[in-house]
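Report on the structure given below.
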Amino acid sequence: MSVKFGKKVRDKEWGFTEASLSRFFKGSGTGVLVCHGYGCTPSTMRCLYDRAVGMGLSAALPLLTGHGKTFGELDRATYEDWRRDAEEAYIKLVGAGCDKIILCGLSLGALLMADLAAKREGDGKLAGVFLICPPVRMKGYLNLCADASPLIPFVQTAEGFKNPEHEMYSGMATRKLRDIRSMAKIALDGMDRIKAPVMLVEAENDSRVDPKSYDLIKKKLPAARHIVIKDAPHGIPYSDQAPKLCDVFEGFVTTINDRRK
C-alpha cells in the first residue's frame, strides 16, 4: 500500500460519478432514511436503499456534506453539517407523505441516525432505528490519527476507488475523526430518549469500532436487539456479507410494519 500526504492529497480529484449522488424514491407511507458512513457515498449503501425500494417503501439516501468531492471539501465539513443533512432527509420523507419512518445508518451514519432518533422521538412518525457498526468508541489507531491531525491532516492510501461500484475515499481527512468523536458523544448522550425499536448490527471483523461501543449503547438502550454478522468487515453494506445484512434489515422493517398496521 502506497501512503501519500500533503497538498496534492487534499486537492486530488477522485472521479466520483452520479452513483455517489443523493437518491430519493417515493413509495408507500413507510419511509426509510439510509445514511452512509465517513468517507463513503450513497453508492456504498445502495444494497439497503434498493431493498427498501424493492419492498415498495419510500426511501431517502442523502450525500453527506464534504463527501464525493475532495479531501479538502471533506475537511471543511463539520458534524453540524452532517446533522443538518440527516434532518433535511427526514423532513423530505415527511413531505412525501410518510407517516412511519425507519432510520438506518452505517458507522458515522449510525451515529447521525441515533442522534436524529433522539430528536424525533415523540413526533409520531419515528418507527424504528437500524444501527450498523456505530463507533461510539473508535479503535485506538483512529484516535491516534485524530490526535495527530494537526501534523498529518490528510492521508491517501490508494490512487482510486478500491471497488468501482462503491465510490469512496481511499484514506481520510484526519481532523474529521475529532468530529466523529464529538458526534459519538452527542449520539450516546441522547440514546436514552429513544423509545422506538432499535436493532444493533455488529461486524465480527470490525477494524474501526471498539467492541465496548455495544456495551455502552446497551446500557442506554437495554431493549435493543443486538446481532453479530459473522465474517463481516466494518463496511458490511459493501462487503460480501451485504445480502445477509439486507435480509436482517428487511426482517426488521417487516416486523415494524406489521406491528404498526
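Counting every pair of alpha carbons in the range 111-261, the share spaced more than 23 Å apart comes to 43 percent. Each residue of the range 94-103 was assigned a 3J(HN,Hα) from its phi angle through the Karplus expression (A = 6.51, B = -1.76, C = 1.60, θ = phi - 60°), giving 4, x, 7, x, 6, 9, 9, 10, 10, 9 Hz with x at Gly and Pro.
Taking the average, over residues, of other Cβ atoms within 10 Å as the packing measure, peptides 226-235, 201-210 rank 201-210, 226-235 from highest down.
Between the range 142-210 and the range 11-33, the alpha-carbon centres lie 19 Å apart. Of the trypsin sites (Lys or Arg not before Pro) in the range 1-38, the ones in a loop by DSSP (not H, G, I, E or B) with at most 16 other beta carbons within 10 Å are Lys26. Nearest 10 degrees is fine. How inclined is helix 242-259 to the longest principal axis of the chain, computing both from alpha carbons? Long axis of 242-259 versus the principal axis of the chain: about 30 degrees.
Under a 5 Å amide H cut-off, with hydrogens placed 1.01 Å from N, Val228 pairs with Glu202 among residues at least 5 apart or on other chains. Per residue, the chain reaches -11500 deg cm²/dmol at 222 nm when only DSSP H runs of four or more residues are counted, each adding -39500 (n - 2.57). The percentage of C-alpha pairs in the range 7-259 whose separation is greater than 29 Å is 23%.
Ranking of Thr65, Thr30 by neighbouring Cβ atoms within 10 Å, starting from the fewest: Thr65, Thr30. Along the range 190-196 the Karplus relation, 6.51 cos²θ - 1.76 cosθ + 1.60 evaluated at θ = phi - 60°, assigns HN-Hα couplings of x, 5, 5, 8, 7, 10, 5 Hz to successive residues, with x for each Gly and Pro. Take the cross-link list Lys162/Lys195; Lys26/Lys212; Lys4/Lys230; Lys92/Lys244; Lys26/Lys244 and give me the ones stretching past 31 Å between alpha-carbons. Violating the 31 Å Cα-Cα cut-off are Lys162/Lys195; Lys26/Lys212; Lys4/Lys230. Note on Glu250 and Asp147: with the Förster distance fixed at 45 Å, the Cβ-Cβ geometry gives a FRET efficiency of about 0.65. Once the Cα atoms are used to define both axes, helix 108-120 deviates from the longest principal axis of the chain by about 40 degrees. Between Asn205 and Asp231, Ala232, the built amide H atoms are under 5 Å apart, and every one of these is 5 or more places off in sequence or on another chain. Once backbone amide H atoms are built at 1.01 Å from N, Leu57 has Ser28 as its partners under 5 Å, excluding neighbours fewer than 5 places away on the same chain.
The numbers here are math on the coordinates, done by the rules we state, and not lab data. Since the model is a prediction, treat every value here as computed from it, not as a measurement. Virtual Cβ from ideal backbone geometry, glycine too; neighbours counted across all protein chains shown.
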